[in-house]
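Since the structure comes first, as structure tokens, the remarks are kept for the end.
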């Protein structure tokens, strides 16, 4: 709980700087790249989160890895995280930053679960319909789950639209059980 609060504070600081500098998307891409780069490699993750390794050693390695790929602000932020021994929060900071950035830009993430791969045309139609209904810019995040058998489940924040075969079967079962 404390780590999430701390991650949100760091994310808010980066977000406010990005807003002032009109670089919400740029800093978001860079934070995503750093987070993915560090946490997708088990060895690198273990290295930067190891409290026994001095911050300067971590900083030197990260400078070599991300040299020329990051803006000065994001690189300095990364160095600050190493100095404060907060590298383990990087993923949570990135997630919180993306949420703040999306909200500020009027973007809603729609988690779409399907049983089979959706064609680009179908995805664009779904996106257009969701944008029409919500009056927001929608970004689709696709998930596969063969257990839903067919149809689609869309989750946007607290809202859930279940148009899956398994969901409809469950609703029918509940309706039949209620009529006993």
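We did not get these values from a lab; they are worked out from the coordinates using the rules stated. Small disclaimer: the values here were computed from a predicted structure and weren't measured. In this analysis, Cβ positions are derived from the backbone assuming ideal geometry, glycine residues included, and neighbour counts consider all displayed protein chains.
List of remarks:
- Alpha carbon centroid spacing (whole Å) that separates the range 7-77 from the range 121-151: 31 Å
- Cβ-to-Cβ counts within 10 Å put 16, 72 in ascending order as 72, 16, the fewest first.
- Packing around the peptides 102-110, 155-163, taken as the average count of other Cβ atoms within 10 Å per residue, puts them in this order, highest first: 102-110, 155-163.
- Between residue 25 and residue 140, full extension at 0.36 nm per residue minus the direct alpha carbon distance yields a gain of 39.7 nm.
- Remark: 27, 97 ranked as 27, 97, counting other beta-carbon atoms within 10 Å and listing the fewest first.
- Relative contact order of the chain, pairs being alpha-carbon contacts under 8 Å that are 6 or more residues apart, as %: 21 percent
- Estimated distance in nm for a label pair at residue 44 and residue 4, the labels positioned 7 Å out from Cα along Cα-to-Cβ: 2.8 nm
- Residue 13 paired with residue 124, simple spin-label distance in nm, labels 7 Å along Cα-to-beta-carbon: 4.4 nm
- Note on residue 168 and residue 61: the model spin-label points, each 7 Å out from Cα along the C-beta direction, lie 5.3 nm apart.
- Relative contact order of the range 34-118, defined on C-alpha pairs under 8 angstrom at six or more residues apart (%): 32 percent
- Between helix 72-83 and the chain there is an angle of about 80 degrees, using the helix long axis and the longest principal axis of the Cα atoms.
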